[in-house]
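First comes the structure, then the notes that go with it.
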Amino acid sequence: MKNLSKNSIRSGILLAFFALIGTGLLSFTHEMTRDKIIAVEREALQKSLHKIINPDMHDNELYTDTITVTDRALLGSKEPVTVYRARMQGKNVAVVFSSIAPDGYNGTIKLLVGILKNGTLSGVRIVTHRETPGLGDAIEAERSDWILGFNEKSLTKPDISKWKVKKDGGAFDQFTGATITPRAIVKAVKNTLLYYQTHQQEVFTATTVQTGNPHE
């Protein structure tokens with residue numbers, strides 16, 4: 001019994017020792033790679049933003065000149081969303097909203113919506129989604145040019161009453177066999193434009209904006 005007890009104690013000590021070593025190695029690895037991970041994420045974000053806002057249009061760092069805004073009704077989330085601001089020699093040029101389409105076919109669709117100062121869209125890109133492969137995933141720029149159809153659109157081009165898919169009497173194409181996904185994107189982009197129309201000055205000057213009731 002004594003030997004068994006000693007063996008158990010010895011095994012427990014060894015397990016604790018190896019667990020401590022493992023935890024230390026994980027912490028060390030995390031610290032060593034943290035800066036690299038941040039740099040990679042920043043580069044990926046910058047590439048996505050520059051697909052919407054041409055680098056020649058601004059001289060500030062988009063990923064650091066930001067504001068958080070909250071409006072569940074128009075931006076699709078009760079949580080604050082980030083807005084990236086583009087400026088040239090201190091003058092306001094454009095903004096990019098990290099908007100949400102909450103009513104995709106398979107759930108939430110996250111997108112970037114770029115809006116020039118005059119209210120015209122500079123571009124839209126999908127960040128993440130869970131739409132059906134071969135149908136709803138045509139919202140990706142890598143799979144079709146559908147998303148490019150938002151370029152240079154505004155609340156007056158087409159008329160705001162036409163900000164729907166064609167099946168609903170609007171101006172935007174839907175996909176064969178997949179109407180819900182493009183319908184959700186069109187609605188989200190229109191709502192983002194509406195938010196910008198109302199809060200243009202604030203998004204360029206404030207540090208945080210909350211409108212409406214985020215709990216609705």
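The values are calculated or read from the model by the stated rules, or taken from the named source; none is laboratory data. Everything numeric in this text was worked out from a predicted model, so none of it was measured. With ideal geometry, Cβ positions are generated from the backbone for all residues, glycine too; neighbour counts draw on all protein chains shown.
Per-residue answers, yes or no, for (1) assigned to a strand (DSSP E or B); (2) modelled with pLDDT of 75 or more:
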site	(1), (2)
Gly24	no, no
Ile37	no, no
Ile52	no, yes
Thr68	yes, yes
Ala86	yes, yes
Val95	yes, yes
Open item on the list: Please count how many residues of region 136-154 are without any contact (Cβ under 8 Å) to a residue 40 or more places away in the chain, within 18 Å of Ser98 (Cα to Cα) and of a type in the set (Gly, Ala, Ser).
Closed with: 1
TODO: Determine, yes or no, whether Ile115 is assigned to a strand (DSSP E or B) and β-branched (Val, Ile, Thr).
DONE: yes
Task: Lone unmet requirement of (1) closer than 17 Å to Thr68 by Cα; (2) surrounded by 15 or more Cβ atoms within 10 Å (Cβ to Cβ) for Gln197 - done: (2)
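How about region 44-81: which of its residues are hydrophobic (A, V, I, L, M, F, W, C) and in contact with a helix residue (DSSP H, G or I) (Cβ under 7 Å, 6 or more places away or on another chain)?
Matches in region 44-81: Leu62, Ile67, Val69, Leu74, Leu75, Val81.
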Task: Matching residues, region 58-77, being surrounded by fewer than 16 Cβ atoms within 10 Å (Cβ to Cβ) and in contact (Cβ under 8 Å) with a residue 60 or more places away in the chain - done: Thr68, Ala73
Task: Pairs with Cβ under 8 Å, 6+ apart, first in region 155-168 and without any contact (Cβ under 8 Å) to a residue 40 or more places away in the chain and under 22 Å from Asn118 (Cα atoms), second exposed (fewer than 13 other Cβ atoms within 10 Å of the Cβ) and not β-branched (Val, Ile, Thr) - done: Lys162/Gly169
- [ ] Confirm whether Ser48 is small (Gly, Ala, Ser) and not in a strand (DSSP E or B).
- [x] yes
TODO: May I ask you to verify whether Pro133 is without any contact (Cβ under 8 Å) to a residue 24 or more places away in the chain and either surrounded by 15 or more Cβ atoms within 10 Å (Cβ to Cβ) or over 30 Å from Asp56 (Cα atoms) (or both)?
DONE: yes
